[in-house]
Structure formats: structure tokens, C-alpha cells
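Read-outs throughout are calculated quantities, based only on the coordinates presented, and are distinct from any laboratory measurement. For clarity, every value in this text was computed on a predicted model and none was experimentally measured. In this analysis, Cβ positions are derived from the backbone assuming ideal geometry, glycine residues included, and neighbour counts consider all displayed protein chains.
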Amino acid sequence: MPSPDAISAEGLSVAFGEGTARSIAADRVTFRVAEGGSFGLVGESGSGKTTVLRAIAGLIGDWTGGLTVRGETLGPRRQRGFYRTVQMVFQDPYASLHPRHTVDRTLSEPLRLHRFDRVEARIEEGLRAVGLGPEFRFRYPHQLSGGQRQRVAIARALMLEPRILLLDEPTSALDVSVQAEVLNLLADLRSRRGLTFLLVSHDLAVVAHMCEEIAVMQGGRIVETLDVDAMRRMEPREDYTRHLLRASMGYVPEETG
Amino acid sequence: MSLAWKEWLTSETPASRRQARLAQLYLNWLNFSANPLAVLGLAIILGLALMAVAAPLMATHDPLAQNLGARLLAPGQGGYLLGSDELGRDIWSRIVYGSRITLMIVGLVALTAPVAGLLVGTAAGYLGGWVDVVLMRLTDVFLAFPKLVLALAFVAALGAGIENAILAIALTAWPPYARIARAETLTIRQADFIAAIRLQGAGPGRIIVGHIWPLCISSIIIRTTLDMAGIILTAAGLGFLGLGAQPPLPEWGAMISSGRRFILDQWWVATIPGLAIFIVSLGFNLLGDGLRDVLDPKRAGR
Amino acid sequence: MSDLLRVEDLWVRFFKRGGGVVEAVRGVSFAVGRERVGIVGESGSGKTMTGRAILRLIRPPGEIRAKRIGFDGTDLMGLSERAMRRIRGERISMVMQDPKFSLNPVMTAGEQIMEAYRLHTGAPRGEARARMIEMLEAVQIRDAERVAGLYPHEVSGGMGQRIMIAMMLAPDPDLLIADEPTSALDVTVQMSVLQIMDRLVRERGMGLIFVSHDLNLVASFCDRVLIMYGGRIVETCRAGALNEARHPYTRALLESLPRLDRPKPRLSVMRRDPAWLEEPSVDAFA
């Protein structure tokens, strides 16, 4: 029997609001992420890509359809074991760390919640793994740069030794040079630990760099799923994808009549 | 401050939780003390506290000792620093001992009302659903009563006295804190760092206590300090009506009330306690403003 | 091409409480004619402060010093605040990043545009209204009458930005400073907003200063690009000649960007040479 997919979504649908204010954030989304693979969800704002990620994470309780993670079907609530398997890195490094907690507190809390041993050693290893020295341990988030905060957020996500990382625009809020460091770090961590990535971004170049397979979303639906080579060769099947690819390549003046 | 201490407190790389926390406090203190009005407010409140603690040392006479032969003497006459009241009691000594009562009122209310409000507000804001509805309707019930009216009802039911007055004030003071705490919680709840801790499997209790309270505390502290002036005035009002501290306790409001009759000729009997209330209220207001400038979360310890 | 704006030796400093100075812009000189000039840099490069300094929008504890900021023959540094107010919006306009934060949330789009127009021209309501509709149509908003009655929170980001552009161009300024005008927009919307800006700037013969962190976008949109680092200009490039850039910072920036058309096994990580902060600012007058 082949190993189960890391993540499998079948007809995942999420809607918000009631009656006339009801909006469909995700519409029968179906895709598979292989174990150890790196899958990208690309789209513009309102495409539903972040909704899908948050539904998988268990942050949205109200969804329909099928979701499986490593062979286990997911219900509306998540069990403790889930958090040892799946973790998330958030977009805004300024909002994903508690402003009144030191780095030490932020990293030790998951360990204490799950009663890990060797807390001190794990914190130091965790910081080292993301390229931060022990001098960062007792700083507050406002004493860190954007790139350093994101590294701490990555270290936090890895504290519980997950197999799957959900990444919500992990570098959109960072400068270009810092983005390069963080993307390299993520790629290294993935190859060293055999992690599976599900990466959401609006930046096609970032997704193409990090992912092997990409799903393009628009208006809550998956418009097309293609592999990264097809995307680089500019050979999409759908018009919307082509439109998105062209717009991502830089400014093109309008055709003058 | 010795250079070594200063370096330790402003170090860029704190080496322990304690150092990090103390460094933050030091930074906050520096910001606070840069504001002269805030420091004045703090000085007034510390002065109040000092007066209360050192009352036996600061008073010149026994505050309860009457001397009917020396009634209504002007300030400075007959060895009475601020004059004597209608029963010949030294006003200065009564003010000094009255500070204990003021401090007791302020302290007890500050320890109960904001705490109750924080508990109710954060629980309602985070848990939502019917918990929110029930707790907020409960809050509305208490909010509907004007402070003084409820206090009157309370002391009417339980009997006059300073403890019942304090209880009554606390019961009407907690709802605004619940509202503030709930509003803050609703905003904080949506932040990514809350999502992150939820994703680690933390339950609502841990999240509310460890993650939400630290962020609400600033607003609550500021609001409490600014409310103190109003609390003192309410207590004074009750005292004035004869429902708070009972004679012969030197509660400042009661002193104003009993001095009312002499306001035209012996103005000091009522005015001096009034001035004391004014100064202490001012102190709390200045302190609260100073704290708000320092603790505003948008500044995040800068 | 004659210069519309000529900035000579611009410095912007911020004085911190308790001593200490932060120098956001350090001796920058450049000129802008009736062309599109892009200013590119990462955060802390001084690009935003440069844009604001031209309009003297920096308040204490910030301080602007320049040998000269020449605009159409006048030195802006020598003008009184009243005179500057007449320049702002009327002769030099600014479009900012997020219309959510730069449009007044309690006024309708139409009212805001009309207010801006009437402030600078003193025109009567009727004329202002006609002009407002004209501007909304110029930024390709179909159904201008309806949109004029909408509040900022009722419109999408792209439309909000177009409203902002309409408002800023209504008084027909000579120079437009756009500070990350499309960074908050989706990439397909970015295209249409840039096309509108492109056409308007060309049709009116305006100068445009486009401040952004997106090197590729600026290089494809502007005629000239100034790259800033540490408060100074480190290099200037002509459009389309970006890959011929010589300064190590520019090259490092280009190399650390992931590319859609070409895979890179690893993004090169910039090694910051402290010497870059010491070099004098490159003059960008041509």
C-alpha cells in the first residue's frame, strides 16, 4: 500500500456569514500533497488560499468536505496529536509573536504544553537551527528585526517536531535580502528534516522557487494545478493563470491602438 | 545609579527572564520619569501613602480629641496648624488620619473592581457565545445603576459604615472594566500569536491568563488610576450624606459635611478637607495620564 | 530635458530623545524632468523619507536640510509653510501606499476629490463636480456617478488607489510622487493601476517619482532607476539596463531575488559590505 499523502483535501468548502451576507471563501477545493513534497497555493486576495490553510490548521471550525492528514481523517476539532504533526508559520512577523513574551517564553511554551523533556537544550538547539545565537533568548519581539522575528516564528513551529509545515506568506512582510535568507533557511530545514510544505503566497516567483507543484486559486476555487516546470515554461492551461504569470513578470505597457 | 547596574539593565542581550523583565521596567520608568507632571502625580500619591503610614508621627494632636474651649480656631491659632473644627479637634491631624481612610477606600476598590472586571470581560470576550451574552447582560444590570443611588440602596439595606460604602462603590465600579477588557480581548483574539498558541494545543484558560491578560493589564491600570479620583469623590459624597464613614471618623467627605454650616465665617473647616480631596484626585489623574503615555501598547516598551 | 525638480545634497535627520541622531537620508542629489524616475531600496534605505522631504512633510524631531530643492525655478527649502501648502497638492502631489489609510473614511470618494480640487482652485461646486467625474473616468472607473457616492471601505483596494490617483491629479500638478502606490494591491490590479498612471503621466507631461522596494517592477515601469542604500544613492540605471548594474549592492539585490523564469538552486545571500555606507551618494542629475 503506498504511503498516505501528507495532506489530502476533497471538496473542501468554507463559507462565512448568513443569508444575504453569505460568502463562499473556499469552493470544493481538491488537491493532494505528497509526503515530503512542497506544494504551493497561489492566488490574489480573496482567492481563498489562506482560508484553505487555516481550515487545515483547525483555526476555522466550520467547513465541509474531506480533509486527511497522513491518513487520518480530520473532523471539526483537532486532537493534541495533530499539533505534533502539523504546525504553521504566519505571515506577519510583527503579529505572530506575543509582544509581552520573551523569545524564551515563546519557544518554551509548546514544550511545556506537551510535556517535553530537556526544555533548555531544545530551546538552544531550536535557536541554533534557525541561525540565531543564545543572546536572542531573552529578548522581546520589539528588540528583534523582522527577519529575526520570522526566524523565531519558524523555530517555534519546529519545537514540536512536526512533519508538515503550513506556511502563510512567510516572507511577504520582509525585505528582499532578508527574504532570501529565510527562504534558504526553510529549504535547508525541509531537506534536513524531510518536512512537507504547504506554502501559500501571492508571489509567483517565491512559490516557483520553493514548490514542486502549484495550485492556482481564484474566487475560492482551484483554477488549475500545474508543476513548477510547466509554470516556468509559461505553459499554463487556463487563461487566468496565464494572466497572472504575465502580470508577475513586470510592467507591460498597454497596447496602444 | 552605578554604571554596572545601568549596563546590566540596558543590555541588548539579557541572559535571564528576570533580567529581561527588570530591563523593561527600567525602560518604562525612564519614559515615565521624563514627564514632570506624571512624576508630580506619583509624588502626590506617594505623599498620601506616606501620610497614611506615618500618621502618628505627622499628626500634632489626637484626631478624635475634642476641646470645646478651642472651637473653630483659624489656621495657626492656638497651636492648630490648620485650625480647629466645631468640636475643637485639630483639622490637620484629622486630615492626616483621614488619609488612611482614603487610602483604604482606594486600595480596596482598586483591588476588587478591576480584577472582577478583568475576569468577566476577558472570559466573555474570548469564549463568546452564551457565556458572552450572560456575562455582558450581567454587566449591563450593574451598569444601569447610578453609582450613588446603588450605594445609597446598599447602605440603606446593610446599614451605614465605611465598609459597606466601599462594597457599594466596588459593585458599581467593576462594569466599565469588564467592558474595556472585553473590547480589548475581541481585538487581541484575532491576532496571529493567539492562533499560534491555539495551534500548540493550548486551552482557553491558558490563553486568557497567559496571553490576553498581559495585554489588557495596561488599559485596566490606566483606567483604574483615572477612576480613583471619581471613587474618592463618591466616597466623599457618601460621607457627606452621612452614609459612609460614621462620626467621629475623620473621613474627608464627612468633614466637609459637618463643616458646611460654618462655610461663611470659618471657611477652613470645610475647605481644607475639600482641598485635600482635590489634591489627591489631581494626583491620580496626573499619574494615570503618565501611565497611559508609558504603557500604551502601541509603544511596546520603546 | 529641463529639470522639473532638482534636489541638491538632501539630508534628513531624526533626533532621538536622550541624544543620538538617526540619519535617514545622507546627502542625496538628483534631478527629475518630465520623465519617470524610480527610487528603489529596502526598508531603512531612506527612499520614503526622500519623497516626503521634497514636500517638506517631515515634522520634528525630524529635520530636513538641503543645499537646494529647486522646483520650477524656486527653492522649496526657502518657502514659508503657507507657500508650501500651495505647492502641495497643486504643483506637486503624492500618492501613498494603502488607500485604506490615506483616504478619509468618513467622506465619500466624490466629496474627497471635490474638496481637494476646490482647495487648490477655489472653483465653485458645479465645476468641481464636473471635474471630479472627469477624473474618475480618466482613471477608468466606469459608472463614475455611482462610485462618487461610495465610501472608501465600500471599494476594493485597486479602486481605492485609482480614487486616490484621481484626487491627486485633479488639480493638474506638474510632479507626482508615488510612494509604493501598488504594493498593497494584487498583481493583476497593479498592472491596470500602473497603466493608468503611465497614460496620465504621459498625456499631461508630468514628472513622476516612483518609490518602491520592488526593483523589477520599477525597472520595467520607469525611465531611470536610483538605487538607495543606507540613506544614499549607490547607483543609477537606465530602464532595461538593470542587468548591467555594477554596484555590488544592486547586483546582490538582483541575485537574491527568486525568478519566475529561471530556477535558482539557492538564493544568494547578500553580504553587506560596511564600505557601502561610507561611499558618497552618487549624483543622479542626467
### B:R17 paired with A:A230, simple spin-label distance in nm, labels 7 Å along Cα-to-beta-carbon
5.2
### Task
Round to the nearest 10 and give me the degree value, 0 to 90, for the angle of helix A:239-248's Cα axis relative to the longest principal axis of chain A.
60
### Convex hull of Cα atoms in segment B:66-213, direction-averaged projection (nm²)
12.5
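Trypsin sites (Lys or Arg not before Pro), restricted to segment A:1-103: which are DSSP loop and have at most 10 other Cβ atoms within 10 Å? Don't skip to the answer; put the middle values down first.
Details: sites: A:R22, A:R28, A:R32, A:K49, A:R54, A:R70, A:R77, A:R78, A:R80, A:R84, A:R100; in loops: A:R22, A:R70, A:R77, A:R78, A:R100.
Passing both the DSSP loop test and the Cβ count: A:R22, A:R77.
Could you work out the percent of alpha carbon pairs in segment C:24-180 separated by over 21 Å, rounded to a whole number? Can you show the working numbers first?
Details: 6074 of 12246 pairs.
That tail contains 50 percent of the Cα-Cα pairs.
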### Task
Pick out the long, greasy-scoring helices in chain C: whole DSSP H runs spanning 24 Å or more along their own axis by Cα, mean Kyte-Doolittle at least -1.0.
C:187-204
### Query
Given segment C:1-94 reduced to its alpha-carbon atoms as identical point scatterers, what log10 I(q)/I(0) does the Debye formula return at q = 0.11, 0.24, 0.25 Å⁻¹?
-0.32, -1.40, -1.48
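Counting pairs of alpha carbon atoms under 8 Å apart in space and at least six apart in sequence, what relative contact order in percent does segment A:181-257 give? Can you show the working numbers first?
On the way: 53 pairs, mean separation 14.4, N = 77.
The value is 19 percent.
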### Task
Output the Cα-based Rg and Dmax of segment A:79-164 in Å, rounding Rg to one decimal and Dmax to a whole number.
12.0, 35
#### Entry: Virtual spin-label span in nm between C:S80 and B:R260, 7 Å along Cα→Cβ
5.9
### Query
By how many degrees, 0 to 90 and rounded to 10, does the Cα axis of helix A:103-113 deviate from the longest principal axis of chain A?
90
### Message
Can you give the FRET efficiency to the nearest 0.05 for B:L57 and B:F142, using r as the Cβ-Cβ distance and R₀ = 56 Å?
### Response
0.85
### Query
Leaving out same-chain residues fewer than 8 places away, which aspartates and glutamates sit with a Cα under 12 Å from that of C:K264?
C:E255
#### Entry: Contact order relative to length of chain A, as percent, for alpha carbon pairs under 8 angstrom and 6 or more apart
25
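State the antiparallel share, in %, of DSSP beta bridges confined to chain A, rounding to the nearest 5.
That works out to approximately 50 percent antiparallel.
What fraction of the DSSP beta bridges in the protein assembly as shown is antiparallel, stated in percent and rounded to the nearest 5? Provide the component values of the computation, followed by the final result.
Working: 47 of 86 bridges.
So the antiparallel bridges amount to about 55 percent of the total.
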### Query
Taking the Cα atoms of segment B:165-297, what is the range of coordinates along each of the three principal axes, in descending order and whole Å?
71, 28, 18
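Please give the net charge around A:L12, taking every other residue with its beta carbon less than 13 angstrom from that of A:L12, where Lys and Arg add +1 and Asp and Glu add -1. Walk me through the numbers on the way to the answer.
Values: positive: A:R28, A:R32, A:K49, A:R54, A:R221; negative: A:E10, A:D27, A:D62.
Overall, the nearby charge balance is +2.
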### Summary
The answer for chymotrypsin sites (Phe, Trp or Tyr not before Pro) in segment A:109-159 that fall in a DSSP coil and have at most 16 neighbouring Cβ atoms within 10 Å is A:F116
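Once you order the gyration tensor axes a ≥ b ≥ c over the Cα atoms, which shape class does segment B:230-291 get: rounded for a/c under 1.5, otherwise prolate or oblate by comparing a/b with b/c?
On the way: a/c = 3.09, a/b = 1.59, b/c = 1.94.
Judged from the Cα gyration tensor, segment B:230-291 comes out oblate (a/c at least 1.5, b/c at or above a/b).
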### Query
Taking a quarter of the surface of the convex hull around the Cα atoms of segment C:98-149, what do you get in nm²?
3.8
### Message
Would you report the distance distribution of C-alpha pairs in segment C:127-201 as whole percents per 10 angstrom bin, up to the bin with the largest distance?
### Response
19, 55, 25, 1
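Given contacts defined as C-alpha pairs under 8 Å and at least six residues apart, what's the relative contact order of segment C:159-231, whole-number percent? Each step should come with its number before you reach the end.
Numbers: 44 pairs, mean separation 25.4, N = 73.
The normalised contact order for segment C:159-231 reaches 35 percent.
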### Task
If a/c stays under 1.5 just call it rounded; otherwise compare a/b with b/c (prolate if a/b is bigger, oblate if not). Do that for segment A:45-118, with a ≥ b ≥ c from the square roots of the Cα gyration tensor eigenvalues.
oblate
### Task
Please report, in Å, the Rg and the Dmax of chain C, where both are computed over Cα atoms only.
19.5, 62
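Within a Cβ distance under 13 Å of C:L208, other residues only, what is the Lys/Arg minus Asp/Glu net charge?
0
Using helices alone, I'd like the mean residue ellipticity at 222 nm for the protein assembly as shown: each DSSP H run of four-plus residues gives -39500 (n - 2.57), total over residue count, nearest 500. Please list the in-between numbers first.
Numbers: 32 runs with 400 residues, N = 845.
Here the helix-only value at 222 nm equals -15000 deg cm²/dmol.
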### Task
Could you give the spread of the C-alpha atoms of the protein assembly as shown along their three principal axes, from largest to smallest, in whole angstroms?
106, 79, 62
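With Cβ to Cβ distances under 9 Å as the rule, what net charge do the other residues near C:G38 carry (K, R +1; D, E -1)? Kindly include the intermediate steps, with their values, before the conclusion.
Working: positive: C:R36, C:R224; negative: C:D223.
Net charge in that neighbourhood comes out at +1.
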### Summary
Check: C-alpha center segment A:29-99 vs C-alpha center segment B:53-123, spacing in Å is 63
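Between rounded, prolate and oblate, where does segment B:1-154 land on the alpha carbon gyration tensor, with a ≥ b ≥ c its root eigenvalues, rounded for a/c under 1.5, else prolate if a/b exceeds b/c?
Working: a/c = 3.71, a/b = 1.29, b/c = 2.88.
Since a/c reaches 1.5 but b/c is at least a/b, the shape of segment B:1-154 is classed as oblate.
Output needed for segment B:111-196: three equivalent-ellipsoid semi-axes, defined as square roots of 5 times the C-alpha gyration tensor eigenvalues, in descending order, whole Å.
Values: eigenvalues 189, 29, 14 Å².
In descending order the semi-axes read 31, 12, 8 Å.
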### Task
Can you put B:W5, A:W63, C:W11 in order of Cβ neighbours within 10 angstrom, beginning with the fewest?
B:W5, C:W11, A:W63
### lysines whose Cα lies under 27 Å from that of C:K16, excluding same-chain neighbours fewer than 8 positions away
B:K6, B:K298, C:K47, C:K67
### Query
Hey, what angle do you get for helix A:146-158 against the long axis of chain A, alpha-carbon based, 0 to 90 degrees rounded to 10?
80
### Message
How large is log10 of I(q)/I(0) for chain B at q = 0.12 Å⁻¹ when the intensity is taken from the Debye formula with one equal scatterer per alpha-carbon?
### Response
-0.90
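For chain B, return all DSSP H helices satisfying: extent of Cα atoms along own axis at least 27 Å; mean Kyte-Doolittle hydropathy at least 1.0. Could the numbers behind the result be given before it?
Details: long enough: B:91-127 (52 Å, 1.43); B:162-188 (39 Å, 0.72); B:213-240 (38 Å, 1.41); B:268-295 (40 Å, 1.34).
Counting only whole DSSP H runs, the qualifying helices are B:91-127, B:213-240, B:268-295.
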### Query
Taking one equal scatterer on every alpha-carbon of segment B:46-133, how large is log10 of I(q)/I(0) by Debye at q = 0.10 1/Å?
-0.44
### Summary
P(r) over all Cα-Cα pairs of segment A:141-246, 10 Å bins from 0 to the longest distance, whole percent per bin, short to long, reads 13, 42, 31, 13, 1
### Query
Cα-Cα pairs above 17 Å in segment A:178-235: how many percent?
42
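Which value in Å does the Kirkwood hydrodynamic radius of segment A:1-89 take, with 1/r averaged over all unlike C-alpha pairs and then inverted?
On the way: mean 1/r = 0.0726 Å⁻¹.
Roughly 13.8 Å, rounded to one decimal.
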### Message
For segment C:216-286, what are Rg and Dmax over the alpha carbons, in angstrom?
### Response
12.9, 39
